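The values are calculated or read from the model by the stated rules, or taken from the named source; none is laboratory data. As the structure is a prediction and not an experimental result, all values here were calculated from the model. Neighbour counts are summed over all protein chains in view; Cβ atoms, including those assigned to glycine, are modelled from backbone coordinates with ideal geometry.
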Amino acid sequence: MGFEVEASHHEVATGQHEIDFKYADALTTADNIATFRSVVRATAELHGVHATFMPKPIAGINGSGMHTHLSLFEDGENAFHDGDDEFDLSDTAYQFLGGLLEHAPAIAAVTNPIVNSYKRLVPGYEAPIYIAWSDVNRSALVRKPAARIPAASRIEFRCPDPSCNPYLALAAMLHAGLDGIEEGNAAPDPVRENIYEFTEADREERGIETLPSTLGQAVAALQGDDVILDALGPHVSEKFVQAKTQEYTEFLASVSQWELDRYLETF
C-alpha cells in the first residue's frame, strides 16, 4: 500500500496495538490515515475478527488514541529546531505550541468527535486531559519527543483519537498552531511532574486547564472559537456543529445498560 511503518508494537490493553507510519505533508498524511483504517479493518475481517478504532471500546482499560506528531518546514529546513534551546525548540515551535494549547478545547470537538471519545479522556489511563506541555510527562496534552537529528524536532499532540475525520483534524491542529505563530503566542513553562498527582489547587496555581469532559462541552468550545471554525470553513463548521449537537442530544436522552443495572431494581 506504499506505507513505511516506522514502529509497531503491542500496547497496554489486550488486543491493542500501536502502528506508526512515516511522516508526510498534511494532505498525504490524512489520506494515509483514511487508507490505514480501511486496510486494517479489511485485513482483520479476512481473519474473522473486527478491528475497531473506537476510542474506548472496553471500560476499565486503556482506550485508543491517535497521537499526532507535528512540525513545520521552511526552505527545506525544520522551522521547529533550535540547537541552542534547552528542548531544541525554536521560537516558531513555541508559538505553534502556544496556539495549540490556546485552542485545544475547540480542537477537541474535531479531534475527539464522538460521545465515546470522552470516555477515553479521563485520568488514570495515559490519556491526556490537562492543557500543558512537557518533554517527559505523558500526562500533558503536548509532549516534546526526543529527536536524533534536527530534522526530527517536532511536537506530539496527544488528545486526538482515531474516530476523527483526519482531514478536519489536521486542518484544525495546523490552523491553531499557525494562529499561534501569527499572534506571537508564548508557550507556558513545561510541566515535568505527573499532573495526575496534582491537586486541583496545584493545577490552579500552575494555570493548568482541562480539556472538555463531554462532547457537548467540546462543541460549545468550538462554537466560541473563530480560529477553529475558520479552519473548517463556514459550510463544514455549520453542518459539523449541527450533527454533533444532535448526536450529543440523542445521547443525553438515551438510557444505558449501566443505568438499568444500577437503578432499575433499586428505585
- prompt: Can you name the residue in segment 138-151 that is of a type in the set (A, V, I, L, M) and touching a residue at least 12 places away in the same chain (Cβ under 8 Å) and is also farthest from residue 120 (Cα to Cα) among such residues?
  reply: 151
message: Going residue by residue through segment 77-84, is there one that turns out to be more than 21 Å from the chain's Cα centre (by Cα), touching a residue at least 12 places away in the same chain (Cβ under 8 Å) and within 26 Å of residue 19 (Cβ to Cβ)?
response: yes
- prompt: Given the conditions (1) surrounded by 23 or more Cβ atoms within 10 Å (Cβ to Cβ); (2) at pLDDT below 95, and given that residue 117 satisfies all but one, which numbered condition is not satisfied?
  reply: (2)
- request: Return the residue satisfying two criteria in turn: it lies in segment 13-57 and is in a loop (DSSP other than H, G, I, E, B) and either under 30 Å from residue 73 (Cβ atoms) or of a type in the set (Val, Ile, Thr) (or both), and of such residues it is farthest from the chain's Cα centre (by Cα).
  value: 49
- prompt: Do we find a residue being polar (S, T, N, Q), assigned to a helix (DSSP H, G or I) and either modelled with pLDDT of 90 or more or closer than 23 Å to residue 20 by Cα (or both) anywhere in segment 134-146?
  reply: no
- prompt: Can you find even one residue in segment 96-112 that is part of a loop (DSSP other than H, G, I, E, B) and buried (at least 24 other Cβ atoms within 10 Å of the Cβ)?
  reply: yes
Failed criterion for residue 47 (all others in (1) surrounded by fewer than 20 Cβ atoms within 10 Å (Cβ to Cβ); (2) at pLDDT below 95; (3) over 25 Å from residue 26 (Cα atoms) hold): (2)
field: All positions within segment 113-133 that are in a loop (DSSP other than H, G, I, E, B), farther than 13 Å from residue 210 by Cα and either in contact with a His (Cβ under 6 Å, 6 or more places away or on another chain) or not aromatic (Phe, Trp, Tyr) (or both)
entry: 113, 114, 115, 116, 124, 126
query: On the given criteria, is residue 80 touching a strand residue (DSSP E or B) at 6+ places or on another chain (Cβ under 9 Å), buried (at least 21 other Cβ atoms within 10 Å of the Cβ) and among the aromatic types (Phe, Trp, Tyr)?
result: yes
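Table: residues versus (1) among the small types (Gly, Ala, Ser); (2) at pLDDT below 95; (3) over 23 Å from residue 173 (Cα atoms).
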residue	(1), (2), (3)
187	yes, yes, no
198	no, yes, yes
203	no, yes, yes
223	no, no, no
233	yes, no, no
237	yes, no, no
249	no, no, yes
254	yes, no, yes
message: For residue 69, only one of the following conditions fails: (1) closer than 24 Å to residue 146 by Cα; (2) outside any strand (DSSP E or B); (3) of a type outside the set (Gly, Ala, Ser). What is its number?
response: (2)
task: Please note which helices (runs of 4 or more DSSP H) are completely contained in segment 176-267 and include at least 1 residues that are surrounded by 15 or more Cβ atoms within 10 Å (Cβ to Cβ).
output: 200-206, 215-223, 226-232, 234-253
